[in-house]
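The values are calculated or read from the model by the stated rules, or taken from the named source; none is laboratory data. Computed from a predicted structure; not experimentally measured. Note: ideal-geometry Cβ built from the backbone for every residue, glycine included; neighbour counts use all protein chains shown. Ligands, DNA and RNA are excluded from the accessible area calculation, which covers all protein heavy atoms including side chains. Shrake-Rupley method; radii C 1.70, N 1.55, O 1.52, S 1.80 Å.
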Amino acid sequence: MAPSTHIVKQSHVRLKNIVPNELLCLKTAANCGIDIPLTAIIDAGEGKDEDILLASRRFDRIFTSDNEMIDKLPIPFRLHQEDFAQALGIPQRRSMSKAGTI
(Lines give C-alpha, C1' and ligand atoms only; values in the text may rest on other atoms or scores of the structure.)
Protein backbone atom coordinates (compact mmCIF):
# COMPACT_ATOMS: atom_id res chain seq x y z
CA MET A 1 0.00 0.00 0.00
CA ALA A 2 1.35 3.41 -0.96
CA PRO A 3 1.66 6.19 1.64
CA SER A 4 -0.88 8.99 1.46
CA THR A 5 0.06 12.29 -0.15
CA HIS A 6 -2.65 14.45 1.44
CA ILE A 7 -4.34 14.89 4.81
CA VAL A 8 -8.11 15.35 4.60
CA LYS A 9 -10.05 16.80 7.53
CA GLN A 10 -13.80 16.92 8.00
CA SER A 11 -15.79 19.57 9.83
CA HIS A 12 -16.37 18.83 13.50
CA VAL A 13 -19.91 18.57 14.85
CA ARG A 14 -19.11 20.81 17.84
CA LEU A 15 -16.99 23.34 15.97
CA LYS A 16 -18.97 24.94 13.16
CA ASN A 17 -17.01 26.37 10.22
CA ILE A 18 -13.72 24.88 11.45
CA VAL A 19 -12.63 23.99 7.89
CA PRO A 20 -13.00 27.53 6.45
CA ASN A 21 -11.44 28.88 9.65
CA GLU A 22 -8.40 26.63 9.25
CA LEU A 23 -8.01 27.68 5.61
CA LEU A 24 -8.27 31.34 6.65
CA CYS A 25 -5.55 30.81 9.26
CA LEU A 26 -3.30 29.11 6.70
CA LYS A 27 -3.82 31.90 4.15
CA THR A 28 -3.13 34.51 6.84
CA ALA A 29 0.12 32.71 7.71
CA ALA A 30 1.06 32.68 4.01
CA ASN A 31 0.39 36.43 3.79
CA CYS A 32 2.78 36.86 6.73
CA GLY A 33 5.52 35.04 4.82
CA ILE A 34 5.16 31.60 6.42
CA ASP A 35 5.37 28.61 4.09
CA ILE A 36 2.14 26.62 4.10
CA PRO A 37 1.18 23.39 2.34
CA LEU A 38 -0.94 23.42 -0.79
CA THR A 39 -4.45 23.33 0.70
CA ALA A 40 -7.97 23.38 -0.70
CA ILE A 41 -11.56 23.08 0.44
CA ILE A 42 -13.56 20.24 -1.10
CA ASP A 43 -17.35 20.22 -1.13
CA ALA A 44 -18.32 16.53 -0.83
CA GLY A 45 -22.07 17.13 -0.78
CA GLU A 46 -24.49 20.03 -0.81
CA GLY A 47 -22.25 22.72 0.65
CA LYS A 48 -23.41 22.19 4.25
CA ASP A 49 -20.77 22.45 6.97
CA GLU A 50 -20.63 18.66 7.43
CA ASP A 51 -19.99 18.23 3.67
CA ILE A 52 -16.93 20.48 3.61
CA LEU A 53 -13.45 18.89 3.71
CA LEU A 54 -9.99 20.44 3.98
CA ALA A 55 -7.27 18.72 1.95
CA SER A 56 -3.61 19.57 2.56
CA ARG A 57 -0.59 18.19 0.75
CA ARG A 58 1.68 16.31 3.17
CA PHE A 59 5.11 17.87 3.74
CA ASP A 60 6.67 14.53 4.70
CA ARG A 61 6.36 12.88 1.26
CA ILE A 62 8.72 13.35 -1.68
CA PHE A 63 8.80 12.30 -5.30
CA THR A 64 12.04 11.66 -7.17
CA SER A 65 13.02 9.89 -10.35
CA ASP A 66 13.79 6.82 -8.17
CA ASN A 67 10.23 6.33 -6.89
CA GLU A 68 8.71 2.92 -7.46
CA MET A 69 5.47 2.80 -9.43
CA ILE A 70 2.04 1.23 -8.96
CA ASP A 71 -0.15 1.24 -12.08
CA LYS A 72 2.15 3.87 -13.64
CA LEU A 73 1.76 6.18 -10.61
CA PRO A 74 4.81 7.02 -8.47
CA ILE A 75 4.86 5.90 -4.83
CA PRO A 76 6.09 8.80 -2.65
CA PHE A 77 8.96 8.32 -0.23
CA ARG A 78 8.08 8.83 3.43
CA LEU A 79 10.31 11.30 5.26
CA HIS A 80 10.74 10.30 8.89
CA GLN A 81 9.14 12.79 11.29
CA GLU A 82 9.14 12.87 15.06
CA ASP A 83 7.17 15.16 17.33
CA PHE A 84 8.52 16.51 20.62
CA ALA A 85 6.68 13.90 22.69
CA GLN A 86 8.30 11.12 20.65
CA ALA A 87 11.72 12.77 20.84
CA LEU A 88 11.42 13.11 24.63
CA GLY A 89 10.12 9.56 25.06
CA ILE A 90 6.74 10.67 26.45
CA PRO A 91 4.16 7.87 26.04
CA GLN A 92 1.18 8.69 23.83
CA ARG A 93 -1.33 8.09 26.63
CA ARG A 94 0.38 10.78 28.73
CA SER A 95 0.67 13.33 25.93
CA MET A 96 -3.01 12.80 25.01
CA SER A 97 -4.34 13.08 28.57
CA LYS A 98 -2.26 16.09 29.59
CA ALA A 99 -2.18 18.10 26.39
CA GLY A 100 0.01 21.14 26.74
CA THR A 101 1.84 19.94 29.84
CA ILE A 102 5.09 18.00 30.08
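Which of the peptides 51-57, 13-19 is most tightly packed, and how do the rest follow, going by the mean number of other Cβ atoms within 10 Å of each residue?
Values: 51-57: 16.7, 13-19: 12.7.
Averaged packing, sorted descending, gives the order 51-57, 13-19.
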Practice problem: Just add up the charged neighbours of PHE59: K/R +1, D/E -1, any other residue whose Cβ is under 13 Å from the Cβ of PHE59. | Solution: +2
Quiz item: How much FRET efficiency would the formula 1/(1 + (r/R0)^6) give for GLU68 and HIS6, where r is the Cβ-Cβ distance and R0 is 30 Å, rounded to 0.05?
Solution: 0.95
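Give the Rg/Rh ratio for the chain, taking Rg as the radius of gyration of the Cα atoms and Rh as the Kirkwood radius, to two decimals. If you can, show how the numbers build up before the last one.
On the way: Rg = 17.1 Å, Rh = 16.6 Å.
Reported Rg/Rh, Kirkwood definition of Rh: 1.03.
Carbon and sulfur together cover what percent of the accessible area of the chain at a 1.4 Å probe radius? If you can, show how the numbers build up before the last one.
Working: 4740 of 8330 Å².
Of all accessible area on the chain, carbon and sulfur atoms account for 57 percent.
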